[in-house]
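The values are calculated or read from the model by the stated rules, or taken from the named source; none is laboratory data. Because the structure is predicted, anything quoted here is derived from the model rather than measured. With ideal geometry, Cβ positions are generated from the backbone for all residues, glycine too; neighbour counts draw on all protein chains shown.
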Amino acid sequence: MKKDQTIGEVLRERGISRRSFLKFCASTASLMALPPSMIPVIAATLEKARRPSVIWLSFQECTGCTESITRSDSSTLEDLIFNVISLDYHHTLQACAGHFAEHIREQVIKDNAGKYILIVDGSIPVKDGGVYSTIAGMSNEQILKETAAHAAAIVAVGTCSAYGGIPKADPNPTGAVSVSDLIKDKPIVNVPGCPPIPNVITGVLVQFLTFGLPELDALGRPKAFYGQSIHDRCYRRPFYDKGLFADSFDDEGARKGWCLYKLGCKGPTTYNACATEKWNFGTSFPIQAGHPCLGCSEPDFWDAGSFYSALSTPTENIGKTAIYATAGGLLAGAAIGGVLRARKQAAVKAHQRVTIDDLDKES
Amino acid sequence: MSGAAFARGYNALKEQIDAPIAAFLSSCVHCGMCAEACLFFTETGDPQYTPIRKVEPLRRVWEQEYTFWGKLSKALGLSKPLTDQDLTDWETLVYDSCTLCGRCSMVCPVGNDIAYMIRKTREGMAAAGHAPEGLIGATQRAITIGSPMGVKLPALQAQIRHTEKEFDLKIPVDVEGTDYLCMLSSMEIMNFPEYIGSIARIFKQADVSWTLSSEAFEATNSGIQIGVSDIAAQLVQRIVDAAEKLKVKAVISPECGHAYMAIRWEGPNLVGKRFGFKVVHILEVLDELRAQGRLKVADRETRKLTYHDPCQIGRRGGVLEQPRNLINMVAENFVEMPEAGKMNWCCGAGGGVSTNERADALRLKTFARKKSQLDAVNPDALVSACSNCRIHLEEGLEEYHMDIPLLSLTETIADHLSDT
Amino acid sequence: MTDAEFLLWVRGPAFNIALFIMLAGIVVRFMEILLMGRKTNLAEARGSEMAGGLNTIWRRTLPDADTFRRSGFTIIAGNVFHIGLFVVIFLFVPHILVFERLFGVSWAGLPSNIVDATTVVTIVALLAVLVHRVKDPVLRMLSNFSDYLAWLVTILPLITGWLAFNRVGLSGSTLIGLHILSVELLMVLFPFTKLSHAFTLVLARWYNGAIAGYKGVQS
């Protein structure tokens, strides 16, 4: 595989039919909610695009994001797209190890300075000098900064690299931070999710190759994939509107497939494509399987109260607060009321008898 | 104006505030509905007559003295303390444009008894020297002469002699151990002496044991109207002393609204002890006699009659059914004015307004409300049971060129009794 | 502060603080009133204070015919927004869940889209009430800063709630967070503005009814 081939050349070399390539472009277009007229544009742009070199750095992560991508069957086009980029460094997927592996990373940075794409999964521990996660004697922070310095753009895959994720969960023992917490001078695209939907990861890359840096929301997510909430696209939404809710996981409402809001569903505050794109080749997604959305593509989802307490409910023990408030109110009320009562009694005591001689203003 | 008087008034306001007032003032939402219940607003359209606004001096004292936040904001200079000028500004609102009729207290959606608060506000106003001249004069006469109108015992004795002669009967005076001690208002002695004869005739027919007192015959209480409890108590004490001296079972309040309020409801609280005798309104006595079959009617009134409920007897006093029972006993054609009963509109002269010459023009202006009520039923005669209402109603009818005779309920009963 | 942190803060510490201030404030206000006391009535009673008081507590909710004729707008608009607030606060399922956490009891809610429509009606009624307050000479004279503040903190949760439900403009977390924050503002001011009538009204009506009932009149 030659480095400077275009994607079109690679595809033809590998015998991928134009028909299946267009199908890939069509599904990508629909994923980004683009009109069908954009399919030829995507196809034409992709065909001419150079295969970019990609470095994939894994920090404090569980490999779930990599699992998400690799889980797909090799005959799918999602897999092929990895042939259209040149994935030069990836701990889990690369064959080499040790100094050789690190050498490749350094070589890629040198050869493609300013042109390669950096993908990161996992959060970066910065507490105690970053000792909680090191590779080849370097802290994650050092590796990230060194690699990011010459990258064209960074894609933070998964909630850990995008927002800190589970490693950052309270009390955040390693001082985990997101990529965007450390890197301020590069375009960063966040592709959160725990893990993100495989098609969304590939979709973002296609979008990047086709249209350049995508339009992002306030949390750095491509609007094309994260523009709508789970709640707004949820097939159970009509039940929410009608006020029909499951009260437990095995009640009548749950069996009838009613809304899971009361069971803690985070759909209304979660922006992701699960409800439309679904998982495992469009088979299902958590809500469809009868479980509330955990809100995994949102920052701090692990600390947003119990997964099973409804969004509208307070996260702290308000029953206890109510008791303290009442007790405190009684004490303060007794003190204040006592003072007022004494003031009134003093006024009664200070009463000056009014006689008819006191009535005239002149007197 | 001395600072000492203001301090006395301010302290008086502080003394008046109790749990009901604190609850009322905490609850006001400034909805303005009380304005629509007040004839001073409905007949003038002037927003300053909105009832709740009239208690502003009291409200300020409550807020600044009896609420934590009010005290704090006063200390921080965020709210202005009450001044003597404020009391000057509020004097006409508290005295001239409120008859203490309590209609606002009936409509307030949060349940504020605004009339209760205006009555209390007057305590502070009067103590600070901000009562109207007319009321001050009446109050001084009540204390020094014994009657706000300056009526003395000889005048009463003359009326008694005259009545005894006219109806050929004996009017008991200072008789010990009777059932009832009958009180009068000066107006009944000076303007409507027929009342004394009516009582005497009815009681004779019903064989009621009663007496007048030469030491305490005046039932009205200017102290209540001006808002000085010390003076009001003094006036009530005279009646208590006479009742105790004559060892009567009950004291009868005459056809007068505020007199009933003064003796029946405020009296024991003013003198600070429960009475050893009952206090009843003349209408209560008459209705009881009616129920016992002791009143024999000779002929019934055929004219169309309607009844004006005096506020302090009806809405504020609880005597609502008795006058209706009595009128129906002697009249064939009794009609109710719209909103009669507990929601009746005040004549416009109660609460000391009639004694306050400064308010005369306003008082007559508000009579338009009574006129429209009367126009709705167009009666041949108007019956009431309060001399104060009666004097003002007569004046109003004249002012508005309405030819409707005014009757006292007691006199109407007496006029229709059989002679046996 | 991110959206999520904001939402967490309003659902957590901020809600706790607001709840504490509101409940303690209500208790203090009650005691400020009750400890003022009142003199024993020495006049012989003709009726029952308790019966009169209890009667007026509920009876005052319904105006007499003439008052209705005179103050029709105030009564209708007032009832619409009060009933609307009741429906929106107590019959929206996500809200019932909060009360369930507080009191341990739950009740049936209304379909969300009915609550949504009620919110709009309530907002319209509150706007009408504001216009009335500004235009009517009596109301304009009676009104002060506190009246407008109370109005604002009442309508804000309705507006933010409607926006959050219909997801207009900002992100879901931000909208829900702003909604909860506006409710917390209402909770904090609740005992210390005229909004306190919601609980002192019971006392005011009781005293009014008791004073009348003692004298044998129905108020």
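When residues in segment A:201-233 are screened for being without any contact (Cβ under 8 Å) to a residue 60 or more places away in the chain and among the β-branched types (V, I, T), 1 of them pass. Restricted to segment A:210-227, and to residues there that are surrounded by fewer than 21 Cβ atoms within 10 Å (Cβ to Cβ) and within 13 Å of the chain's Cα centre (by Cα), the residue that is modelled with the lowest pLDDT is A:A218.
In this entry, B:N328 passes the filter for residues that are surrounded by fewer than 19 Cβ atoms within 10 Å (Cβ to Cβ) and within 25 Å of B:S198 (Cβ to Cβ).
Residue-wise test of (1) more than 8 Å from chain C (Cβ to nearest Cβ); (2) buried (at least 24 other Cβ atoms within 10 Å of the Cβ).
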position	(1), (2)
B:A19	no, no
B:F24	no, yes
B:V29	no, no
B:G32	no, yes
B:A35	no, yes
B:L39	yes, no
B:E43	yes, no
B:D46	yes, no
B:I52	no, yes
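With respect to the conditions (1) farther than 23 Å from B:A243 by Cβ; (2) in contact with a Ser or Thr (Cβ under 8 Å, 6 or more places away or on another chain), B:I196 falls short on a single one, namely (1). Within segment B:120-130, being assigned to a helix (DSSP H, G or I) and either within 10 Å of chain A (Cβ to nearest Cβ) or not small (G, A, S) (or both) holds for B:K120, B:T121, B:R122, B:E123, B:M125, B:A126, B:A127. Checking A:R236, A:R255 one by one, the residue that is within 13 Å of chain C (Cβ to nearest Cβ) and either among the charged types (D, E, K, R) or free of Cβ contacts under 8 Å to residues at least 40 places away in the same chain (or both) is A:R236 and no other.
Among the candidates A:D170, A:D181, which residue alone is free of Cβ contacts under 8 Å to residues at least 60 places away in the same chain, assigned by TED's automatic domain parsing to the domain that holds A:K145 and surrounded by fewer than 21 Cβ atoms within 10 Å (Cβ to Cβ)?
Values: A:D170 fails: free of Cβ contacts under 8 Å to residues at least 60 places away in the same chain.
Answer to the selection: A:D181.
When the helices (runs of 4 or more DSSP H) confined to segment B:1-116 are screened for residues that are over 21 Å from the mean Cα position of the chain (by Cα), those reaching at least 1 such residues are found at B:3-16, B:19-27, B:33-37, B:39-42, B:51-54, B:56-66, B:68-75, B:84-91.
When you go through B:N325, B:N333 one by one, which is the residue that is in contact with a helix residue (DSSP H, G or I) (Cβ under 7 Å, 6 or more places away or on another chain), free of Cβ contacts under 8 Å to residues at least 60 places away in the same chain and away from every other protein chain (no Cβ under 11 Å)?
Values: B:N333 fails: in contact with a helix residue (DSSP H, G or I) (Cβ under 7 Å, 6 or more places away or on another chain).
From the options B:N325, B:N333, the qualifying one is B:N325.
A count restricted to segment B:388-409 and to residues that are within 16 Å of B:F334 (Cα to Cα) and in a helix (DSSP H, G or I) stands at 1.
Of note, B:N333 does not satisfy the criterion of being assigned by TED's automatic domain parsing to the domain that holds B:C256, of a type outside the set (K, R) and in contact with a Lys or Arg (Cβ under 7 Å, 6 or more places away or on another chain). C:S106 meets all of the listed conditions (1) in a loop (DSSP other than H, G, I, E, B); (2) at pLDDT 95 or above but one, namely (2). Assess whether B:V107 counts as being of a type in the set (V, I, T) and crowded, with 24+ Cβ neighbours inside 10 Å. Yes, satisfied. Flag: B:T302 matches the condition of being part of a strand (DSSP E or B), of a type in the set (S, T, Y) and over 22 Å from B:K370 (Cβ atoms).
Is segment A:255-267 home to any residue that is at pLDDT 95 or above, surrounded by fewer than 17 Cβ atoms within 10 Å (Cβ to Cβ), outside the structural domain of A:G165 (by TED's automatic domain parsing) and not in a loop (DSSP other than H, G, I, E, B)? Within segment A:255-267 (the criterion being at pLDDT 95 or above, surrounded by fewer than 17 Cβ atoms within 10 Å (Cβ to Cβ), outside the structural domain of A:G165 (by TED's automatic domain parsing) and not in a loop (DSSP other than H, G, I, E, B)), the answer is yes, since at least one residue qualifies. Report whether or not C:F99 is in a helix (DSSP H, G or I) and loosely packed, with under 14 Cβ neighbours inside 10 Å. Answer is no for this residue. Restricting segment B:131-152 to residues that are part of a loop (DSSP other than H, G, I, E, B) and over 16 Å from the mean Cα position of the chain (by Cα) leaves a set whose member that is nearest to the other protein chains (Cβ to nearest Cβ) is B:A131. For segment C:178-219, give me each residue that is hydroxyl-bearing (S, T, Y) and at the interface with chain B (Cβ under 9 Å from one of its Cβ atoms). C:S196, C:T200, C:Y207, C:Y214, C:S219 - these are the residues of segment C:178-219 that are hydroxyl-bearing (S, T, Y) and at the interface with chain B (Cβ under 9 Å from one of its Cβ atoms).
Residues being outside any helix (DSSP H, G or I), of a type in the set (A, V, I, L, M) and within 30 Å of C:Y207 (Cα to Cα) are represented in segment C:58-65 by at least one member. Among the conditions (1) surrounded by fewer than 17 Cβ atoms within 10 Å (Cβ to Cβ); (2) facing chain C (nearest Cβ under 7 Å); (3) in contact (Cβ under 8 Å) with a residue 24 or more places away in the chain, A:A310 misses just one, which is (1).
The set of residues from segment B:381-420 being surrounded by fewer than 16 Cβ atoms within 10 Å (Cβ to Cβ) and among the acidic types (D, E) comprises B:E394, B:E398, B:E399, B:D403, B:D419. Picking from residues in segment B:216-233 that are touching a residue at least 40 places away in the same chain (Cβ under 8 Å) and more than 14 Å from chain A (Cβ to nearest Cβ), the one that is farthest from B:A131 (Cα to Cα) is B:F217.
Taking the criterion of being over 16 Å from C:L8 (Cβ atoms) and within 11 Å of chain C (Cβ to nearest Cβ), the residues of segment A:266-296 that qualify are A:G267, A:Y271.
Taken as a whole, the structure leaves A:T326 outside the set of residues that are in contact with a helix residue (DSSP H, G or I) (Cβ under 9 Å, 6 or more places away or on another chain), surrounded by fewer than 21 Cβ atoms within 10 Å (Cβ to Cβ) and either at pLDDT below 90 or closer than 30 Å to B:Y10 by Cα (or both). Filtered by the rule that a residue be touching a Lys or Arg at 6+ places or on another chain (Cβ under 8 Å), buried (at least 18 other Cβ atoms within 10 Å of the Cβ) and of a type in the set (G, A, S), segment C:44-57 gives a lone residue, C:G53. Check segment A:149-156 and report whether any residue there is over 29 Å from A:F211 (Cβ atoms), of a type outside the set (D, E) and surrounded by fewer than 19 Cβ atoms within 10 Å (Cβ to Cβ). Looking through segment A:149-156, none of the residues is over 29 Å from A:F211 (Cβ atoms), of a type outside the set (D, E) and surrounded by fewer than 19 Cβ atoms within 10 Å (Cβ to Cβ).
Criterion first (crowded, with 16+ Cβ neighbours inside 10 Å, hydrophobic (A, V, I, L, M, F, W, C) and modelled with pLDDT under 80) does A:L57 satisfy it? No, not satisfied.
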